[in-house]
1. Hey, what's the Cα Rg ratio for the range 288-392 versus the globular rule of thumb, 2.2 N^0.38 Å?
2. When only C-alpha pairs under 8 Å and at least 6 residues apart count, what is the relative contact order of the chain, in percent?
3. Considering only C-alpha atoms, what is the centroid distance from the range 116-178 to the range 281-346, in Å?
4. Using helices alone, what [θ] at 222 nm do you get for the chain, with -39,500 (n - 2.57) per DSSP H run of 4 or more residues, divided over all residues and rounded to the nearest 500?
5. If you roll a 1.4 angstrom probe over the protein chains with everything in place, what fraction of the accessible area of the range 87-233 belongs to carbon and sulfur, to the nearest %?
6. For the range 87-233, what D do you get in µm² per second when you plug the Kirkwood radius from alpha-carbon pairs into Stokes-Einstein at 10 °C and 1.306 mPa s?
7. What lysines sit close enough to LYS217 to cross-link, taking a C-alpha to C-alpha distance under 29 Å and skipping anything fewer than 8 places away on the same chain?
8. With both bridge residues required to lie in the chain, what share of the DSSP beta bridges run antiparallel, to the nearest 5%?
Amino acid sequence: QFVTRVVSCRAAELRTEGGGEPVRGFQVVLEDTILFPEGGGQPDDRGLIGDVPVLRVTRRGPEAVHFVRAPLEPGAEVLLSLDWDRRFDHMQQHSGQHLITAIADQMFGFKTTSWELGRQRSVIELDTPSMTAEQIEALERSVNEKIRERVPVVVRELATDDPEIETVRSRGLPDDHVGPVRVVDIEGVDSNMCCGTHVSNLSDLQVIKLLGTEKGKKNKTNLVFLAGNRVLKSIEQSHSTEKALTSLLKNGPGEHVEAVRRLQSSVKLLQKHNLSLLRDIAVLIARDFKSKSVQSQLLVLHRKEGDSEFMNIIANEIGTEETLMFLTVGDEKEAGLFLLAGPVEAVENLGPRVAELLGGKGAGKRGRFQGKATTMSRRGEVEALLQEFISHRSP
């Protein structure tokens, strides 16, 4: 917590990350702040000004701008409170990134070109086309050795004309930078320009887990990692999943993968048999319809289990010269698939109207119109439309 004063407060809007409607509120500048504005790859802090939640903190030159929903009186003394859990998580991830970046450079000459502190995991972009599993393992082992050595992390401020700045690792200062240059040193490991928040000793990182690599931009590799409490949360999630799988599969964790493979094979075999049976049923339905002494001009059929092939087999077997067919598959009260087949002129005329009634979309040609339906419950209305069409067509 920190006591400070309100310098200014002006009406503003905050654009949400999801791209929804902007939030109306106020931009507040304080005499000083303990809330970090986003920058350097690190997200901003959260907290309270009095009892008013701070929804975003951004940097505007040398000022931190706090976005809040309620106005604050300029000149008023306020108590600023920091969301420490969020801050400490960001400290662990950011210091972890500095450590991984420095050791990756020392061990393999891989330079860091950018990084992102994500909500679930963080990513370091390395200037290399790939990393081997052996390199990832060696890097993870080395960074955790440094954590166990309890190496101090020290912050220094240098004047912009200090010649020592030339020896500090940096990707350059922002165009609107003002004031001294902030340098974060991991003793004996790294010296780096940085505006972010960091732990004071590598032991505060607890542990770093490298989750592997992903293909990055041209000739770059993204190294994914977790640091500190995120590793513990990941282990807890994995353990919960493992317990649930043990209960479902009725075997130990070491046998889970093989058990799932067996289940996948069984499902594929059942799906194959199911498709074969559906085809047989479709043929039998068509033959039963054709065997009747008096041929109906309209066939309406719904089956919960089925697919497009099932409906098309029926249409193929019956033929579409004289009979108008309205076939559907799926849940009768929800969504599904439909097929309208029959005389070309009739289908061209009725197809779009059927799709509209079913709240769906479709397309077709040569006497077939098929698509997806969102309101299968209106099948009765479609049947009435088709019956009316046939009655007008009949002599």
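The values are calculated or read from the model by the stated rules, or taken from the named source; none is laboratory data. Model, not experiment: these values are computed from the prediction. No Cβ is skipped: glycine too gets one built from the backbone with ideal geometry, and neighbour counts run over all protein chains shown. We work out accessible area using only protein heavy atoms, side chains counted, and drop any ligands, DNA or RNA first. Shrake-Rupley method; radii C 1.70, N 1.55, O 1.52, S 1.80 Å.
1. On the way: Rg = 12.5 Å, N = 105, 2.2 N^0.38 = 12.9 Å.
My calculation over the Cα atoms of the range 288-392 gives 0.97.
2. Working: 698 pairs, mean separation 38.4, N = 395.
Over the chain, the number comes to 10 percent.
3. Here the two parts' Cα centres lie 66 Å apart.
4. Working: 7 runs with 137 residues, N = 395.
After summing the helix terms and dividing by residue count, I get -12000 deg cm²/dmol.
5. Working: 3530 of 7420 Å².
Carbon with sulfur: 48 percent of the solvent-accessible area.
6. Numbers: Rh = 15.7 Å.
The calculation lands on 101 µm²/s.
7. In chain and number order, the partners are LYS111, LYS209.
8. Details: 74 of 81 bridges.
Given both bridge residues lie in the chain, the antiparallel proportion sits at roughly 90 percent.
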